[in-house]
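K.L.:
Take a look at this one; I'll ask things after.
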Amino acid sequence: DAMVIQNPRYQVTQFGKPVTLSCSQTLNHNVMYWYQQKSSQAPKLLFHYYDKDFNNEADTPDNFQSRRPNTSFCFLDIRSPGLGDAAMYLCATSTIWGGTDTQYFGPGTRLTVL
Amino acid sequence: QQQVKQSPQSLIVQKGGISIINCAYENTAFDYFPWYQQFPGKGPALLIAIRPDVSEKKEGRFTISFNKSAKQFSLHIMDSQPGDSATYFCAASGGSNYQLIWGAGTKLIIKP
């Protein structure tokens, strides 16, 4: 089945130690998104790629970076994780950019910062 | 004006009952209103969506009711089942706002 895969599902890191989360998709969608979701809150969009075009949300901290080496893969790098970065990180894809297209979410990576 | 207000925050319904979740918006340029369902430990998944040219959309036990003049829309789950227990998010997009604007979510529990 076509899907969005995230690895690892659980990630523990230490305060200030860089961490990379990965996402892959078999849907061949043009757009990939990274969301941060804290407990009992809605997902918060960090950035998205339309093909190789990177778009950063205005309030996404500089501590968060992303790479998309090809259509299928996208990475989220957190350069110096703080305690406030502990959250679920969700990757999603869609065929076109824009909220009117269905977004397909992966299962998420739960990040713990010690 | 970019917000989508969702209520209630949590809801407990008996099995077989009707679950109703409400959302309200201010931006009249919004023209797409999806509902996403999220189970614990999973990512959200699109449940059902509506555009403002219709007042109601039904898919199985799930119905969206849309009131354009009141700028409100709601999700009705008929014959609610324990398997419907999840967090439900309404959202909206449109106009100059291409990204989804999410409601705060409703944690629904269906009691057997």
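K.L.:
I need the phi-derived Karplus couplings for the stretch B:47-56: 6.51 cos²θ - 1.76 cosθ + 1.60, θ = phi - 60°, integer Hz, Gly and Pro marked x.
P.N.:
Residue by residue, the stretch B:47-56 yields 9, 6, 9, 9, 10, x, 7, 10, 9, 7 Hz.
K.L.:
Would you give the gap between the C-alpha center of the stretch A:53-82 and the C-alpha center of the stretch B:1-61, rounded to a whole Å?
P.N.:
Between the Cα centre of the stretch A:53-82 and that of the stretch B:1-61, the gap is 29 Å.
K.L.:
Let me confirm one metric for peptide B:28-34, namely the mean number of other chain beta-carbon atoms within 10 Å of its residues' beta-carbons.
P.N.:
Mean shielding count: 2.
K.L.:
Might you report the magnitude of the Cβ-based charge dipole of the stretch B:4-111 about its Cα centre, with Lys and Arg at +1 and Asp and Glu at -1, to the nearest 20 debye?
P.N.:
220
K.L.:
Moving on. Can you check what the net charge comes to around residue A:17, using other residues whose Cβ is under 14 Å from the Cβ of residue A:17 (Lys, Arg +1; Asp, Glu -1)?
P.N.:
-1
K.L.:
Of A:38/B:42; B:15/B:68; A:44/B:58, which pairs sit farther than 24 Å apart, going by alpha carbon to alpha carbon?
P.N.:
B:15/B:68; A:44/B:58
K.L.:
Which FRET efficiency, nearest 0.05, do residue A:95 and residue B:14 yield, Cβ-Cβ r, R0 30 Å?
P.N.:
For R0 = 30 Å, the calculated efficiency reads 0.15.
K.L.:
Continuing with this model, one more query. Just add up the charged neighbours of residue A:64: K/R +1, D/E -1, any other residue whose Cβ is under 13 Å from the Cβ of residue A:64.
P.N.:
Spelling it out: positives minus negatives among the neighbours equals -2.
K.L.:
Then there's this: Per residue, how big is the convex hull of the protein assembly as shown when only Cα atoms are used? Give it in Å³.
P.N.:
126
K.L.:
Put a dot 7 Å past each Cα toward the Cβ at residue B:76 and residue A:28; how far apart are the dots in nm?
P.N.:
Reported label-point gap for residue A:28 and residue B:76 is 4.1 nm.
K.L.:
Let me confirm one metric for peptide A:42-51, namely the mean number of other chain beta-carbon atoms within 10 Å of its residues' beta-carbons.
P.N.:
3
K.L.:
Continuing with this model, one more query. Sorting A:96, B:101 on the 10 Å Cβ count, fewest up front, what's the list?
P.N.:
Taking fewest neighbouring Cβ atoms as first place, the list is A:96, B:101.
K.L.:
Take the Cα pairs of chain B, get the Kirkwood Rh, then feed it into Stokes-Einstein at 20 °C and 1.002 mPa s and tell me D in µm²/s.
P.N.:
153
K.L.:
Separate question: Mind giving me the nanometre distance, one decimal, between the label points for residue A:70 and residue B:5, set 7 Å out from Cα along Cα→Cβ?
P.N.:
Taking the simple label geometry, residue A:70 and residue B:5 are separated by 4.9 nm.
K.L.:
Right, here's the next one. Assign unit charges at the C-beta atoms only (+1 for Lys and Arg, -1 for Asp and Glu), then state the dipole size of the stretch A:4-99 relative to its Cα centre in Debye, rounded to the nearest 20.
P.N.:
The dipole magnitude comes to about 260 debye.
K.L.:
Same structure again: Just to check I understand the Karplus step: with θ = phi - 60° and J = 6.51 cos²θ - 1.76 cosθ + 1.60, what whole-Hz values come out for the stretch A:105-114, glycine and proline as x?
P.N.:
Listing the rounded values in order: 9, x, x, x, 10, 8, 9, 10, 10, 9 Hz.
K.L.:
Taking each residue in B:36-47, count the Cβ atoms of any other chain within 10 Å of its Cβ, then average. What number comes out?
P.N.:
If you average over the peptide's residues, the count of other-chain Cβ atoms is 5.
K.L.:
Where q = 0.11, 0.13, 0.18, 0.24 Å⁻¹, what log10 of I(q)/I(0) comes from the Debye formula for the stretch A:4-99, counting one point per Cα?
P.N.:
Results for the stretch A:4-99 at q = 0.11, 0.13, 0.18, 0.24 Å⁻¹ read -0.29, -0.41, -0.80, -1.40.
FYI, it's all coordinate maths here, none of it is from the lab. These numbers come from a predicted model, not from an experiment. No Cβ is skipped: glycine too gets one built from the backbone with ideal geometry, and neighbour counts run over all protein chains shown.
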